[in-house]
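Comments concern the structure below.
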Amino acid sequence: MQGDRVSFVCADDAHGTPIMLKAEAEGVRPETLIEGMRAEHERDLGRFAISFDHYHSTHSPENQELVLAFYHHLAEGGHLRIRTIRQMYDPKARLFLPDRYIRGTCPRCGTPDQYGDSCENCGASYDPTDLISPRSSLTGLAPEARETEHVFVRLENFKELLETFVHQGSLDRGVQRKLDEWLASGLRDWDITRDAPYFGFPIPNRPDQYFYV
């Protein structure tokens with residue numbers, strides 16, 4: 001409508017623990033599972049006359065090349081930090097649990113059966129280790145807190161750049177106000193690491209660890 005040339009692109013978010021677990025349950029490799037899902041998505045979208053100039057997947061050589069390029073660039077610029085964190089581990093399932101695979105009581109308002117990272121009742125955000133009486137969604141057992149070293153991006157290093165972007169006039173005003181709130185409260189380091197077993201791209205020189213992308 002404005003005369004701009006626009007490319008319509010999309011991709012499947014193909015990495016993560018849920019993909020790995022679903023592939024195991026179906027007795028197939030994760031790559032086989034996501035290829036089948038991609039075909040299903042394109043077919044379903046086509047039934048609504050929705051098509052893309054390019055439809056791809058996060059699990060691709062191109063994306064891996066970009067991820068590694070960003071990672072090395074951030075490392076060279078001093079924007080990465082190694083931190084020791086405590087994570088919930090399910091000894092029966094033998095894996096570190098993502099936030100959505102942990103349920104328990106909200107540490108702020110006391111509402112039961114909430115996710116490991118946020119409360120749907122009061123809106124609180126918290127660490128999974130703060131959850132009261134946590135349980136694994138996979139086995140129903142109480143998970144163990146274990147320490148592991150993760151790579152973090154130091155987002156505060158980019159605060160000035162982000163503030164400039166937010167105020168350049170291209171964002172919806174409501175979105176801009178929300179982003180201003182986040183920037184004013186300070187930017188926390190962002191964890192880009194997941195521990196094995198996990199389906200994704202391996203992090204260079206960090207055995208049994210993968211990029212969270």
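Computed from the coordinates by the stated procedures, all read-outs in this text should not be read as laboratory data. Everything quoted here is computed from the prediction, not taken from an experiment. Cβ sites come from the backbone with ideal geometry, for glycine too, and all protein chains shown count toward neighbours.
Cβ distances below 4.7 Å define possible disulfide partners, and in the chain the cysteines left without one are Cys10. Only lysines eight or more places from Lys92 in sequence, or on another chain, were considered; those with a Cα closer than 29 Å are Lys22.
Take the Cα of Arg29, step 7 Å toward its Cβ, do the same at Leu187, and the gap between the two points is 3.8 nm.
Separation of segment 160-192 from segment 69-142 is 24 Å, based on Cα centroids.
Would you please report the Å³ per residue occupied by the convex hull of the alpha carbon atoms in segment 1-59? Kindly include the intermediate steps, with their values, before the conclusion.
Details: hull volume 5.7 nm³, N = 59.
Once divided by residue count, the hull of segment 1-59 is 96 Å³.
Size of the chain from its Cα atoms: along the principal axes, largest to smallest, the extents are 57, 46, 40 Å.
Extending 7 Å from Cα along the Cβ direction at Leu161 and again at Asp53 yields two label points whose distance is 2.5 nm.
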